[in-house]
Amino acid sequence: MKTSPEGIKFITKHEGVVLKVYKDAVGYPTIGVGHLIKTGEKFTTITLQQAYDLLAKDLARFEAGILSQISVSLNQHQFDSLVSFAFNVGLGNLAKSTLKRRLNAGDYNVSNEFLKWNKAGGRVLKGLVNRRNAEKKLWETGSYK
């Protein structure tokens with residue numbers, strides 16, 4: 001599976017698009033659509049096209065991670081909500097989450113698990129509360145709005 005165009009818009013809306021290096025909520029250097037700058041990458045500013053190119057590469061990694069970690073069938077909006085979630089919290093956190101454990105056990109009633117992941121740097125952030133609520137709604141209803 002791949003992230004749908006609606007899923008990409010969903011992620012972009014929640015990440016934002018910033019064409020110069022900035023620090024994310026916990027202080028990691030970031031650019032574009034939530035691209036965490038890796039060791040050896042050198043950025044100051046990028047174009048909008050470069051931001052979307054980075055996003056495409058990042059999404060491919062998260063899509064592969066979801067497909068390797070989740071053993072049950074997913075519909076498109078469930079897949080997109082998991083990609084958004086993992087993009088934001090990381091594949092390692094998805095791997096150790098109750099959301100993953102319950103889902104792989106066949107329990108699709110996991111939408112409230114998204115809501116538990118509302119902190120960065122040990123504090124609840126309104127932006128994360130909003131994003132988790134949107135991911136929960138996407139999981140439950142298929143609505144990208």
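Some observations on this one:
- Expressed as a whole percent, the proportion of Cα-Cα pairs in segment 5-139 lying more than 27 Å apart is 18%.
- 22 Å Cα-Cα threshold exceeded, pairs from LYS13/LYS126; LYS96/LYS126; LYS9/LYS126; LYS9/LYS38: LYS96/LYS126; LYS9/LYS38
- Positive-pole candidate from ALA120, GLN49, GLY65, dipole of the chain, charges at beta carbon: ALA120
- Segment 47-85: chymotrypsin sites (Phe, Trp or Tyr not before Pro) in DSSP coil with no more than 12 other Cβ atoms inside 10 Å: none
- Loop trypsin sites (Lys or Arg not before Pro), segment 40-123 (other Cβ atoms within 10 Å of the site Cβ: 11 or fewer; DSSP): LYS42, LYS96, LYS116
- When you restrict to C-alpha pairs under 8 Å that are six or more residues apart and normalise by the size of the chain, the relative contact order lands at 22 percent.
- Which of PHE10, SER111, TRP139, positive extreme of dipole for the chain (C-beta unit charges): SER111
Read the figures in this text as sums done on the coordinates, not as results from a lab. Quick caveat, the model's predicted, so the values are computed rather than measured. Methodologically, a virtual Cβ is constructed for each residue, glycine included, from the backbone with ideal geometry; neighbour enumeration extends over all protein chains shown.
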